[in-house]
Amino acid sequence: MRIIDKYLLKSYLIRLISVFGICLFIFIIQTFWLFIDEFAGKGLDSETIFKFLVYYTPKLIPLVFPLSVLLSSIMTYGTVAEN
């Protein structure tokens, strides 16, 4: 594997992981705000709300992954083109 290939792969994977985490956080917060009317006034404790978010997160991964692949590839190749 050539040096440029290692550099691109390392740069891409670092950005992919970070963008995936940020996008997943945004989607979780957005999902929480969509269901806030069902949580409000019910007297639910924080453990129940946390369980809801943990159980709902796997449904968000198919939505978040393509977005993070696209954004990280654009960022990686944009940086390469700039330098």
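For segment 41-64, taking the residues that are open to solvent by less than 60 Å² (accessible area, probe 1.4 Å) and farther than 20 Å from ILE17 by Cβ, the one that is nearest to the chain's Cα centre (by Cα) is identified as LEU53. In segment 62-83, the residues that are without any contact (Cβ under 8 Å) to a residue 24 or more places away in the chain and closer than 20 Å to ASP5 by Cα reach residues that are of a type in the set (Ser, Thr, Tyr) and surrounded by 15 or more Cβ atoms within 10 Å (Cβ to Cβ) with C-beta atoms within less than 9 angstrom, at least six apart or across chains, in these pairs: TYR77/TYR12. In this entry, LEU67 passes the filter for residues that are in a helix (DSSP H, G or I), surrounded by 10 or more Cβ atoms within 10 Å (Cβ to Cβ) and under 10 Å from the mean Cα position of the chain (by Cα). Scanning segment 10-31 for residues that are open to solvent by 50 Å² or more (accessible area, probe 1.4 Å), more than 14 Å from VAL69 (Cβ to Cβ) and not basic (Lys, Arg) yields PHE25, ILE26, PHE27, ILE29, GLN30. Residues being at positive phi and modelled with pLDDT under 90 are entirely absent from segment 54-65. If the condition is being among the acidic types (Asp, Glu) and touching a Gly at 6+ places or on another chain (Cβ under 9 Å), then segment 20-75 contributes no residue at all.
The values are calculated or read from the model by the stated rules, or taken from the named source; none is laboratory data. Quick caveat, the model's predicted, so the values are computed rather than measured. Don't worry about glycine lacking a Cβ; one is built from the backbone with ideal geometry, like all the others, and counts go over all protein chains shown. With ligands, DNA and RNA removed, areas are computed over all heavy atoms of the protein, side chains included. Shrake-Rupley method; radii C 1.70, N 1.55, O 1.52, S 1.80 Å.
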